[in-house]
Amino acid sequence: MDRLRVSGIRAVAVGALAMGVMLSGCAGKKEQKDAAAPGKPRVALVMKSLANEFFKTMEDGARNHQRQHLDQYDLIAQGIPDERDINRQHDLVQQMIAQKVDAIVIAPADSKAMVGVSKEAMDAGIVVVNIDNKFDADTLAQEGVSIPFVGPDNRKGARLAAEYLAQKLRPGDKVAIIEGIPTAFNAIMRKRGFEDAMTAARMVIVDSQSAHWETSEAEKVVSGMVSRHADLKAILCANDSMALGAVAALRSAGRLDDVLVVGFDNISAAQEYMKEGAILCTVDQHADQIAVEGIIYALDILEGAATPQDKETRVDLVTAGDIE
Amino acid sequence: MTEYVGMVFVVASLIAIFSLTAPNFFQVETFRMTANQIPEVIILAVGMTYVLIVAGIDLSVGSVLALSSAVLGVCLVRYQLPLPVAVAASLGAGLACGAVNGSLTVAWRLPSFIVTLAMLQAARGLTHIVTGQQTQYFRPMIRELTSISVLGLSLPFLIAVAIAVLGQIVLCRTVFGRYMVAIGTNEEAARLSGIDPRRIKLVVFTLCGLLAAVAALAQSTRLGSATPTAGTGFELEVIAAVVIGGTSLMGGRGTVIRSVFGVIIIAILGRGLIQLGAADPTKQLITGCVIVAAVIVDHYRHSFRKAPLPTETPSPSL
Amino acid sequence: MSATQDLLRVNGLSKSYAAPVLCDVGFDLHPGEIHALVGENGAGKTTLARIIAGLTQADAGQMHLNGRPYAPTGRAAAEQHGVRIVMQELNLIGTLTVAESIFIGRIPSWFGFVDRRRLHADAQELMARLRLDGIEPDRPVETLGVGQQQLVEIAAGLSRRCDLLILDEPTAALTATEVQLLFTQLEALKDSGVGIIYISHRLEELRRVADRVTVLRDGKVIGTRQAETAPLNDIIRMMIGRDLNEVQRPAGRACGPVALQVRGLSRGQSVRDVSFEVREGEILGFAGLMGSGRTETMRAIFGADRPDAGAVIVGDGDTPARIRSPRDAVRHGIALLTEDRKEQGLFLPLPVRVNISLARLRALAAFGHWIRPREESAVTRRLADALAVRCSSTEQPVAELSGGNQQKVVIARWLYRDCHVLLFDEPTRGIDIGAKLDIYRLLADLADRGKAIVVTSSDLLELFAICDRICVMSGGHLVATFKRGEWTEGKVMDAAFSGHIGGHAGKGA
């Protein structure tokens, strides 16, 4: 009886494991398509977090593009599970060098730490294009390399949103910023963009704290902020996930009607909130185009059709009026 | 009541300090909103207390929470299922994760640290797969749940309090609770006393998974959405709260009510630091210090008792 | 008797820590003599040994070694005089090899480099001399069994100049073969003129090895006897200050119907085809050397370890009980009180109440789940009183109780569970003599109330006093069963060694 019970439990456990493996197997299948065809250039797309909707969109865009241009190049798309896992990304790039790909399009997990390994790749004769998160200019200079950057200007995007917000406020109104992870380059740029526009419009930034890109953390931070600043007029969030948390906090505090919320990234949930009027505006960096632009640019360089230099991708303001 | 003196003292001190230093801290509104933000942590703390009492650990609660809310979101949004069905599916997901944790731990006698560490990864991966890495927005579909409140306290908070009270009663007044303490204190002696430790442990881990799903519901109703990254690092916050409450990581000792005090301490501290406008590194530094300080202050509750304690504290309220 | 005849002479030795431990102790040892020191726990044997070996200093009294005043200030000083001690707890460093352990402190070296070849050769020679050639000198000590480690430690003691050797409970961890080996070595040492002080609580060993026996009780010397001629009962009376006959069971007691039958029980090498039965109202003893399979047999009956073969039948029928776990055994009314109370029996930080009620908690719970606290307190208090458990209240953690009272708590648990068959594994181990007598009376009492009781013990006299029948195990087999009146120490010891002296393997019960 005992033995039966144990084996019963084991059977259930094995079954559950098997199901998990099957599920993840289904998801993993897509990865395995890129058999190398001779003659075609092989482009490696080294991504940041696979857990982030933004990068997911970016990667999907690249895969779609490759599917439509099967004859032009092969794509090897790789990402790291955690946005901050610099080591893993470092290893990924080295793997790509070992596989002798023709070009690497990289969204660096860290704007300084990934410069060295990118230089290794260039020394190995690989074309490197930097997307999304721009390499640190000083570090590039120290290493004596120049790597072309293709991507959005986060600071400009944030400025666009904040300028739109300024139109709804009066000079002297108090606003607060919810930052992303304080050490991340795009988080810093977005914060600066918000600050540029708010200062220019003579608003008062009374508070700025990090919620690490997280919804539930943003809820707690915003909840505390609105208690502290009874006359707060607007909250600028460095991404939409945190904007969702901000809305939840404001709703719970009964302040949703007198505090405006600005987001960034244009995720679908944020669009719903804009329709409801809970979020004022967000910013679309056209994630699906960033990686594609980077790949096209890399192919151009390979063919000698372009000289390496920075290239900015589109950044658009999105308001309730734009969605229908 | 002496066993709660230390905890109450820590909570009162924190409130006093922040009332003096942080603008607009000492208001009913602050406490109401803080209360409404902690139901998921309270619920997880109940499950975690149980798991620690049987000398296990569950590192997967954050991921299981994310998976459960993902299932809820996908059922409501993508498959347009009715709310009760979606809730049942969500609870089922948490229950299943807990059952897998429990059965792997029991059937192969694996350390729960390893099993649940694996589940932490696996459930997070499943969450990304289930959601397609997209935030699920379902506020309009759960309006019935969000509208209920008593004196400004939300339904999830009231449910969390009920679960904590029930959890405490089960722990100290039922045969099951007594068996948990016995197993955590000395598993072999419990087995030789005719108790089946495997069955109890399986139930405890499954319950912890189910409670993670309940916590997911509590969080989702408030945020109106399910993010694939929800609950990241939650396990450590919950374990910290439970340990502040005096539950032993070695098993056999702990109470649910004290764990809830641990949750309250961490919540008030977090809220206070936000209202002070502290910088990120400062917040982390102070949180770390307070966790240690709370444990030390609580240690002195022993001096309220007459006899000095020889070694470990016995489980106070059996 | 002239002073020069004595190797060691001790006069008026006293020592107190918080309370007096030794009180005006006199003792002497001749060269080439094995002098046994016996007594209950706390009688002062070990303290006396430590003083002689220089580990502790006496408060008063003198010692003379070879007629000269002897007052060692430490272990090293004692060793310079040729006095060595091998203690109960091992003193070896697990990661060192056997050879390194033996010669630690004077490992042959050449400009700081260990001379491995010489070390190895020296060790091998010594081990051969001690007939320990089965042990590889290069093996790390921690890979040896406890018994072999003890032998290595003894070898380390003998590798240096040694006139007086003190052995403190050397056989506690040894198997029968190792004990035999040790005794042969002791004989050889004795013949070469070394004086040996031998501390043991196993009286049955003494007659085989010792010349004289000195009994200590409460820090005083009660008397010295010739080992060969002194009746064991006298020695016991000297040790405990009371007569074991007090608890002696009358011969030919009538017992009830069969309560438990064990048929062909086997588990690995330690339990081989064991069959016996025990009746209601009977106390059945299990004797045997360490490692003879007594504990393993009890655990297999109880389902704590799963037997490979055999049947356990509750009552006098023929249908085997299905016992796959302790839980099943308890349901069939069988209880096991383990040898190791602290690790396997008690919940030390928990109150007496919880420890007593655990095995039958559901009876105290409404709807089988909801514990009724008042009833639980009342029931457990009643049981604690009935067994005279000395505790401040039933809320006191059992960790704070003495060994004897802890044992009573475990017994109370099973009494409350209302088990009919009680398996006691070494019920009096580590318990002081007063409490031992309490436990003996309790066992007799339980038997009179119709319980079937099985007791294993390393203390043969204990079994002789309390049992109706005694089974003897050797090498995993049940080799003999004696009724009250049939047994003698010699018969039982012969049976206990029979499995080790060869020839028994095929016999089977």
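The values are calculated or read from the model by the stated rules, or taken from the named source; none is laboratory data. Keep in mind the model is a prediction, meaning the values are calculated, not measured. Don't worry about glycine lacking a Cβ; one is built from the backbone with ideal geometry, like all the others, and counts go over all protein chains shown.
Checking C:Gly490 against (1) touching a helix residue (DSSP H, G or I) at 6+ places or on another chain (Cβ under 9 Å); (2) within 16 Å of C:Pro231 (Cα to Cα); (3) of a type in the set (Gly, Ala, Ser): exactly one of these is not met. Which one?
The one condition C:Gly490 does not meet is (1).
Please pick out the residue among A:Asp91, A:Asp132, A:Asp136, A:Asp85 that is free of Cβ contacts under 8 Å to residues at least 24 places away in the same chain and either under 20 Å from the mean Cα position of the chain (by Cα) or within 13 Å of A:Met47 (Cα to Cα) (or both).
Checking each option against the conditions leaves just A:Asp91.
Of all residues being surrounded by 20 or more Cβ atoms within 10 Å (Cβ to Cβ) and among the hydrophobic types (A, V, I, L, M, F, W, C) in segment C:64-86, which is modelled with the lowest pLDDT? Just the residue, please.
C:Val86
Restricted to segment C:59-72, and to residues that are without any contact (Cβ under 8 Å) to a residue 24 or more places away in the chain and over 32 Å from the mean Cα position of the chain (by Cα), which residue is nearest to C:Gly219 (Cα to Cα)?
Here the residue is C:Ala71.
Give the residues of segment A:158-198 that are at pLDDT 95 or above and among the β-branched types (Val, Ile, Thr), sorted by residue number.
Of everything in segment A:158-198, those that are at pLDDT 95 or above and among the β-branched types (Val, Ile, Thr) turn out to be A:Val175, A:Ile177, A:Ile178.
Which ones in segment C:35-69 are in a helix (DSSP H, G or I) and touching an Asp or Glu at 6+ places or on another chain (Cβ under 9 Å)?
C:Lys45, C:Thr46, C:Ala49, C:Arg50
If B:Tyr79 meets every condition in (1) assigned to a helix (DSSP H, G or I); (2) more than 13 Å from chain A (Cβ to nearest Cβ); (3) among the hydroxyl-bearing types (Ser, Thr, Tyr) apart from one, which number is that one?
(1)
Considering every residue within segment B:116-131, establish whether at least one is of a type in the set (D, E, K, R), in a helix (DSSP H, G or I) and more than 11 Å from every other protein chain (Cβ to nearest Cβ).
no
What is the number of the single condition among (1) more than 9 Å from every other protein chain (Cβ to nearest Cβ); (2) touching a residue at least 40 places away in the same chain (Cβ under 8 Å); (3) among the small types (Gly, Ala, Ser); (4) farther than 28 Å from C:Ser458 by Cβ that C:Ala384 does not meet?
The one condition C:Ala384 does not meet is (2).
Considering every residue within segment C:214-227, establish whether at least one is surrounded by fewer than 19 Cβ atoms within 10 Å (Cβ to Cβ), among the acidic types (Asp, Glu), part of a loop (DSSP other than H, G, I, E, B) and at positive phi.
Yes; the residues of segment C:214-227 include at least one that is surrounded by fewer than 19 Cβ atoms within 10 Å (Cβ to Cβ), among the acidic types (Asp, Glu), part of a loop (DSSP other than H, G, I, E, B) and at positive phi.
So, in segment B:209-227, exactly how many residues are in contact with a strand residue (DSSP E or B) (Cβ under 9 Å, 6 or more places away or on another chain) and either within 7 Å of chain A (Cβ to nearest Cβ) or free of Cβ contacts under 8 Å to residues at least 40 places away in the same chain (or both)?
5
Got at least one residue in segment C:327-343 being away from every other protein chain (no Cβ under 14 Å) and either over 30 Å from C:Ser270 (Cα atoms) or not in a strand (DSSP E or B) (or both)?
No: segment C:327-343 contains no residue that is away from every other protein chain (no Cβ under 14 Å) and either over 30 Å from C:Ser270 (Cα atoms) or not in a strand (DSSP E or B) (or both).
Residues A:Lys233, A:Lys275: which one is in contact (Cβ under 8 Å) with a residue 12 or more places away in the chain, more than 22 Å from B:Val28 (Cβ to Cβ), charged (D, E, K, R) and outside any helix (DSSP H, G or I)?
A:Lys233
Filter segment B:298-309 for residues that are in a helix (DSSP H, G or I) and surrounded by fewer than 17 Cβ atoms within 10 Å (Cβ to Cβ); which is modelled with the lowest pLDDT?
Residue satisfying both the conditions and the ranking: B:Phe304.
Out of curiosity, is B:Ile195 more than 23 Å from B:Val242 (Cβ to Cβ) and at the interface with another protein chain (Cβ under 8 Å from one of its Cβ atoms)?
Yes; evaluated as a whole, the condition is true for this residue.
Considering every residue within segment C:363-376, establish whether at least one is within 20 Å of B:Ile183 (Cα to Cα), assigned to a loop (DSSP other than H, G, I, E, B) and either facing chain B (nearest Cβ under 9 Å) or out of contact with any helix residue (DSSP H, G or I) (no Cβ under 9 Å at 6 or more places or on another chain) (or both).
Yes: one or more hits.
Would you confirm whether any residue within segment C:302-318 is part of a helix (DSSP H, G or I) and within 22 Å of C:Glu280 (Cα to Cα)?
Yes, segment C:302-318 contains at least one residue that is part of a helix (DSSP H, G or I) and within 22 Å of C:Glu280 (Cα to Cα).
Which of (1) touching a Cys at 6+ places or on another chain (Cβ under 9 Å); (2) surrounded by fewer than 18 Cβ atoms within 10 Å (Cβ to Cβ) does B:Leu20 not meet, given it meets every other one?
Failing condition for B:Leu20: (1).
Name the single residue that is farthest from C:Pro31 (Cα to Cα) among those in segment C:205-237 being over 21 Å from the mean Cα position of the chain (by Cα) and among the acidic types (Asp, Glu).
So the residue we want is C:Glu228.
Please tell me if A:Val226 is within 10 Å of chain B (Cβ to nearest Cβ), touching a helix residue (DSSP H, G or I) at 6+ places or on another chain (Cβ under 6 Å), under 11 Å from A:Ile178 (Cα atoms) and not in a strand (DSSP E or B).
Taking the combined requirement at face value, the residue does not satisfy it.
Please determine whether any residue of segment B:126-139 is without any contact (Cβ under 8 Å) to a residue 60 or more places away in the chain, crowded, with 18+ Cβ neighbours inside 10 Å and touching a Gly at 6+ places or on another chain (Cβ under 8 Å).
Yes; the residues of segment B:126-139 include at least one that is without any contact (Cβ under 8 Å) to a residue 60 or more places away in the chain, crowded, with 18+ Cβ neighbours inside 10 Å and touching a Gly at 6+ places or on another chain (Cβ under 8 Å).
Does segment A:149-172 hold any residues that are over 17 Å from A:His286 (Cβ atoms) and touching a residue at least 40 places away in the same chain (Cβ under 8 Å), and which are they?
A:Ala162, A:Tyr164, A:Leu165, A:Lys168, A:Leu169
Could you check segment B:28-71 and list, in sequence order, the residues that are among the small types (Gly, Ala, Ser) and out of contact with any Cys (no Cβ under 7 Å at 6 or more places or on another chain)?
The answer is B:Ala35, B:Ala45, B:Ala55, B:Gly56, B:Gly62, B:Ser63, B:Ala66, B:Ser68, B:Ser69, B:Ala70.
Answer yes if at least one residue in segment C:255-265 is over 26 Å from the mean Cα position of the chain (by Cα), modelled with pLDDT under 90 and surrounded by fewer than 20 Cβ atoms within 10 Å (Cβ to Cβ), and no otherwise.
Among the residues of segment C:255-265, at least one is over 26 Å from the mean Cα position of the chain (by Cα), modelled with pLDDT under 90 and surrounded by fewer than 20 Cβ atoms within 10 Å (Cβ to Cβ), which makes the answer yes.
Residue by residue through segment A:203-219, note down the ones that are part of a helix (DSSP H, G or I) and buried (at least 22 other Cβ atoms within 10 Å of the Cβ).
Of everything in segment A:203-219, those that are part of a helix (DSSP H, G or I) and buried (at least 22 other Cβ atoms within 10 Å of the Cβ) turn out to be A:Thr215, A:Ser216, A:Ala218, A:Glu219.
Among the candidates B:Val256, B:Val181, single out the residue that is in contact (Cβ under 8 Å) with a residue 40 or more places away in the chain, surrounded by 24 or more Cβ atoms within 10 Å (Cβ to Cβ) and away from chain C (no Cβ under 14 Å).
B:Val256
So that you can scan it fast, the table gives a plain yes or no per residue for (1) under 22 Å from B:Val290 (Cα atoms); (2) of a type in the set (S, T, N, Q); (3) in a helix (DSSP H, G or I):
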position: B:Tyr4; (1), (2), (3): yes, no, yes
position: B:Val11; (1), (2), (3): yes, no, yes
position: B:Leu14; (1), (2), (3): yes, no, yes
position: B:Ser19; (1), (2), (3): yes, yes, yes
position: B:Ala35; (1), (2), (3): yes, no, yes
position: B:Val41; (1), (2), (3): yes, no, yes
position: B:Gly47; (1), (2), (3): no, no, yes
